[in-house]
Number of protein chains: 2
Amino acid sequence: GYDCYPSITKIPNEVDLAVVVIPAVGVPPAMEEAAVKGVKAAIIITSGFSEVGNHELEHKVKEIAARAGMRVLGPNCLGVDDPLTGIDTLFLPETKVLISGEEVIATPRPKLGDIAVVTQSGAFGVASLDYLAGRRLGISRFVSFGNRVDLDESDFLEYFLKDEQTKAILCYLEGIRNGKRFMEVAREVTKVKPIVALKTGKTSAGAKAAMSHTGSIAGSDEIYSTAFAQSGIIRARDMEEFFDMCKALVFQPPTTGRNIVIITDAGGPAIMAADECELRGLKVGVLPEDCASVLKKMKEDAEIPQFASINNPVDLTGSVTSDMFVSVTKAVLQSSGVNGVILLGLHHVPGLQEDYVDKIAAISRNFLKPIIACDIGETEMALYIRSKFEKFEIPSYSSPEDSARVMAALYSYGEYLRSQGCLERYLASFKKRKDSTNTY
Amino acid sequence: GYDCYPSITKIPNEVDLAVVVIPAVGVPPAMEEAAVKGVKAAIIITSGFSEVGNHELEHKVKEIAARAGMRVLGPNCLGVDDPLTGIDTLFLPETKVLISGEEVIATPRPKLGDIAVVTQSGAFGVASLDYLAGRRLGISRFVSFGNRVDLDESDFLEYFLKDEQTKAILCYLEGIRNGKRFMEVAREVTKVKPIVALKTGKTSAGAKAAMSHTGSIAGSDEIYSTAFAQSGIIRARDMEEFFDMCKALVFQPPTTGRNIVIITDAGGPAIMAADECELRGLKVGVLPEDCASVLKKMKEDAEIPQFASINNPVDLTGSVTSDMFVSVTKAVLQSSGVNGVILLGLHHVPGLQEDYVDKIAAISRNFLKPIIACDIGETEMALYIRSKFEKFEIPSYSSPEDSARVMAALYSYGEYLRSQGCLERYLASFKKRKDSTNTY
């Protein structure tokens, strides 16, 4: 058991942090007591403030904190999960007991990793944890900030800029409190680490819903898109892109140009990827001369099938083997005219074995160009191949279009870094990080 | 072992179907022999015809078949998988042996079900089988048609119109051979069963890839969009929508109007769904009067939390219980002003137990309105909830935006049926089917 006290003022030791989880009306008196005790920070989980129109109560809390010099997270939030220190204020237990008595994982805490999650919605926050844990992605820290009576999104971005554990930031927003400051801070952060944002309240129905959720004024959606673009923030169109893009930006370097080559054993899916690349501003043009001549030689030497298509997409057809896939990928990566590679190695063909994943991972170390993998399917082999790629930090997707979209995000981030004169520095630091955490 | 013969002409019995899997150059002589034998139909799996520029060889095959009155599927295809009769010409075995010796499912055959798959790409076709089997969706028949020297997409649509086992058609196309006939046939089919199409080769890079894949001329993308819309075909934007929409159209009735209500325990995800609904032409407006007054009464009677938001989205907050979720859903479905319901029951909150799924399924029987479910997450409880919904044929998605998109597809199909004067008939036959296969 833990020691309990009738009031925070009765605790004999110093108190660094107060986590407030009592009904809304009791929050101001509790905060007064915390102030008396000299507490430095409070997390107010309690809801029932400005999101239900109770602005006065929220203002009272703000005043007490300001007077005492206390920093406040919330109210109407879940607080933090910090895998490094073990501080976890989420009131949702990791498991849930079904009616049958069986205990299942319901609100997991992801392992320690590279991604910081900053979210205005607590519910979406825990859903993110569930998603990230299920995909075996790790978080550096998680913060749900709700109605932001004090600390807001800009404060967290500023914090995560300096946090060494964090390599990329996922940011869910319904509104931004101070646009000018947010853009200033974001511009500094994105020079060093990527930010992927999901901004909801795009339509009138969404904006209305946002108002009654965290009391946010959503504002014009185009203004947000422009502000994000100017700050180097990658804006995700929807929840799926939000997670997909983050994984790619953490695992792979940005591209230094828009020329993408698609290597496949499956014609149809390659057309889907090519379509989506072009729609997103990437180029799936003819193969660069040096690369084309190597592949032509491979065809002449019968290293790849006579009927393989050595255009772009390179289609090695159903007769592909692991070694063909690997040597073609190597030849393509070696060409200076190629900025990124999408691999559509559908596992269904007889000659492609799972060892191609290890071999691709081994050669990828020698190139500072993004590789995105895709395998379609939901049964054993597809899940195995995708998870094997991700063990080697090659992001892997179940749809060709998703692969193309994340490549477009890597291009867009690369272009932003170049425009800020910090692409080379980013790539060098990315390489250093990869070399030091070599998983091969 | 099977009996082998040096030539088809040496087989003593009659032969209904020839499956041709020898190298391209040997195909015409083999077809000549099949003609002599009086074979009625041939599936030519072999590739190396017009997709690699070998038009003459393809023309030869066409001539032989026409002369003999033989129907031909292919060449450059996988042929058929028919779970009803057991005919399966796919040369890809169901399992694959890993290097470790372990045998895993690699190219599954889905169980018998409602969905016909018609695909120009064999590789995408098997990937579809993998996807559908993994999501436990059944197929009526699968046909991969490749270069269509004879039978083409319109023939299959015509066939599946009359096929009682088929309730919806998934159609992957790189090009259409005869636009006029295709539209004529499709118009008849879509009055009775939905067609979801994925048409690739949208961009110049995609069109080029399609040409070297199945020798298809992709044509202008807007023309396809218009032709699909005029024929009542639902066009999927990408692979994911393709499968998502098909599942919704098989499981749920189309909407009879655009008014959608979102019921949630999670504010953020509800905003995402509301945004996507509006972007896709649905309305997430104020609750209809009758429905609003029932919910108001429930609030007064403390049947739902005081701080629940009874706007649209209806946000029952983290204090929701299974019974609250169910009774609110029932009240919403009962309102004549509501055409469809999106349920965002995020499982992370303490009071929502898995029994809400069974209860929702039970009440859904009494309404001919679509219900779409969403639960976010990739760990045990989320997978369990989604799969439980689908057991009751309530389509379930992992992202709020996907739920909104499939609702838009149901609206779009409903509007098409209404424009053709066959909405009532479709709904009646849908209801009859549901009543006869009652899974509750």
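The values are calculated or read from the model by the stated rules, or taken from the named source; none is laboratory data. Quick caveat: nothing in here was measured; it's all calculated off a predicted structure. Cβ: placed from backbone, ideal geometry, glycine included. Neighbour counts: every protein chain shown.
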Checklist line | Some residue of region B:305-322 being hydrophobic (A, V, I, L, M, F, W, C) and more than 18 Å from B:Gly268 (Cα to Cα) | finding: no
Margin query: So, in region B:190-216, exactly how many residues are surrounded by fewer than 23 Cβ atoms within 10 Å (Cβ to Cβ), away from chain A (no Cβ under 14 Å) and in a helix (DSSP H, G or I)?
Written below: 0
Note to self: Can you tell me how many residues within region A:164-177 are at pLDDT 95 or above and away from chain B (no Cβ under 14 Å)?
What the structure shows: 6
Margin query: With the structure loaded, tell me whether A:Arg177 is part of a loop (DSSP other than H, G, I, E, B) and on the phi > 0 side of the Ramachandran plot or whether it fails that test.
Written below: no
Margin query: Of the residues A:Leu161, A:Leu151, only one is touching a residue at least 60 places away in the same chain (Cβ under 8 Å), more than 13 Å from chain B (Cβ to nearest Cβ) and surrounded by fewer than 24 Cβ atoms within 10 Å (Cβ to Cβ); which?
Written below: A:Leu151
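Before we move on, is B:Phe243 closer than 27 Å to B:Ala127 by Cα, touching a helix residue (DSSP H, G or I) at 6+ places or on another chain (Cβ under 7 Å) and assigned to a helix (DSSP H, G or I)?
Working: closer than 27 Å to B:Ala127 by Cα: yes; touching a helix residue (DSSP H, G or I) at 6+ places or on another chain (Cβ under 7 Å): yes; assigned to a helix (DSSP H, G or I): yes.
Yes; evaluated as a whole, the condition is true for this residue.
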Next item on the list: May I ask you to verify whether A:Glu56 is surrounded by fewer than 16 Cβ atoms within 10 Å (Cβ to Cβ) and of a type outside the set (Val, Ile, Thr)?
Entry: yes
Check: Are there any pairs with C-beta distances below 6 angstrom linking a residue in region A:275-299 that is touching a residue at least 24 places away in the same chain (Cβ under 8 Å) to a residue that is part of a helix (DSSP H, G or I) and of a type in the set (Val, Ile, Thr), with the two at least 6 apart or on different chains, and if so which?
Finding: A:Cys291/A:Val332
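Among A:Leu129, A:Leu137, which is the only one that is under 14 Å from A:Tyr172 (Cβ atoms) and either of a type in the set (A, V, I, L, M) or more than 9 Å from every other protein chain (Cβ to nearest Cβ) (or both)? Even if it seems obvious, please write down each step before you answer.
On the way: A:Leu137 fails: under 14 Å from A:Tyr172 (Cβ atoms).
A:Leu129 is the lone residue from the list that is under 14 Å from A:Tyr172 (Cβ atoms) and either of a type in the set (A, V, I, L, M) or more than 9 Å from every other protein chain (Cβ to nearest Cβ) (or both).
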Check: Among the residues of region A:14-28, which ones are farther than 13 Å from A:Gly74 by Cβ and either surrounded by 13 or more Cβ atoms within 10 Å (Cβ to Cβ) or basic (Lys, Arg) (or both)?
Finding: A:Val15, A:Pro28
Next item on the list: Could you look through region A:275-316, keep only residues that are closer than 20 Å to B:Ser47 by Cβ and of a type in the set (Gly, Ala, Ser), and pick out the one that is nearest to the other protein chains (Cβ to nearest Cβ)?
Entry: A:Ser309
Check: In the list A:Leu78, A:Leu84, A:Leu73, which residue meets the criterion of being touching a Ser or Thr at 6+ places or on another chain (Cβ under 7 Å) and either crowded, with 20+ Cβ neighbours inside 10 Å or touching a residue at least 24 places away in the same chain (Cβ under 8 Å) (or both)?
Finding: A:Leu78
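Looking at region A:407-429, which of its residues are part of a helix (DSSP H, G or I) and either of a type in the set (D, E, K, R) or surrounded by fewer than 16 Cβ atoms within 10 Å (Cβ to Cβ) (or both)?
Step one: filter region A:407-429 for residues part of a helix (DSSP H, G or I), giving A:407-419, A:423-429.
Within region A:407-429, A:Glu415, A:Arg418, A:Ser419, A:Glu424, A:Arg425, A:Ala428, A:Ser429 meet the criteria.
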Next item on the list: Could you tell me which of the residues A:Phe243, A:Phe228 is at pLDDT 95 or above, surrounded by 20 or more Cβ atoms within 10 Å (Cβ to Cβ), within 13 Å of chain B (Cβ to nearest Cβ) and over 22 Å from B:Val284 (Cβ atoms)?
Entry: A:Phe243
Notebook entry, point to check: In this structure, does B:Asp435 turn out to be without any contact (Cβ under 8 Å) to a residue 40 or more places away in the chain, part of a helix (DSSP H, G or I) and either under 16 Å from B:Phe251 (Cβ atoms) or in the same structural domain as B:Pro194 (by TED's automatic domain parsing) (or both)?
Noted result: yes
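Out of B:Thr95, B:Thr85, which single residue is out of contact with any helix residue (DSSP H, G or I) (no Cβ under 9 Å at 6 or more places or on another chain) and more than 8 Å from chain A (Cβ to nearest Cβ)? Quick ask: steps written out before the conclusion?
Numbers: B:Thr95 fails: out of contact with any helix residue (DSSP H, G or I) (no Cβ under 9 Å at 6 or more places or on another chain).
One residue alone meets the criteria, B:Thr85.
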Notebook entry, point to check: Quick one: A:Ile271 ticks every box in (1) out of contact with any Phe, Trp or Tyr (no Cβ under 6 Å at 6 or more places or on another chain); (2) more than 9 Å from chain B (Cβ to nearest Cβ); (3) of a type outside the set (Gly, Ala, Ser); (4) surrounded by 24 or more Cβ atoms within 10 Å (Cβ to Cβ) bar one, so which box is it?
Noted result: (2)
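Would a scan of region A:246-268 turn up a residue that is charged (D, E, K, R), surrounded by fewer than 19 Cβ atoms within 10 Å (Cβ to Cβ) and facing chain B (nearest Cβ under 9 Å)? Spell out how you get there, then give the answer.
So in region A:246-268, the residues charged (D, E, K, R) come out as A:247, A:258, A:265.
From what's left, surrounded by fewer than 19 Cβ atoms within 10 Å (Cβ to Cβ): none.
No, region A:246-268 contains no residue that is charged (D, E, K, R), surrounded by fewer than 19 Cβ atoms within 10 Å (Cβ to Cβ) and facing chain B (nearest Cβ under 9 Å).
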Notebook entry, point to check: Only one of B:Val126, B:Val104 is in the same structural domain as B:Ala197 (by TED's automatic domain parsing) and in contact (Cβ under 8 Å) with a residue 24 or more places away in the chain; which?
Noted result: B:Val126
Notebook entry, point to check: Among the candidates A:Arg418, A:Arg365, A:Arg425, which residue alone is more than 14 Å from every other protein chain (Cβ to nearest Cβ) and modelled with pLDDT under 95?
Noted result: A:Arg365
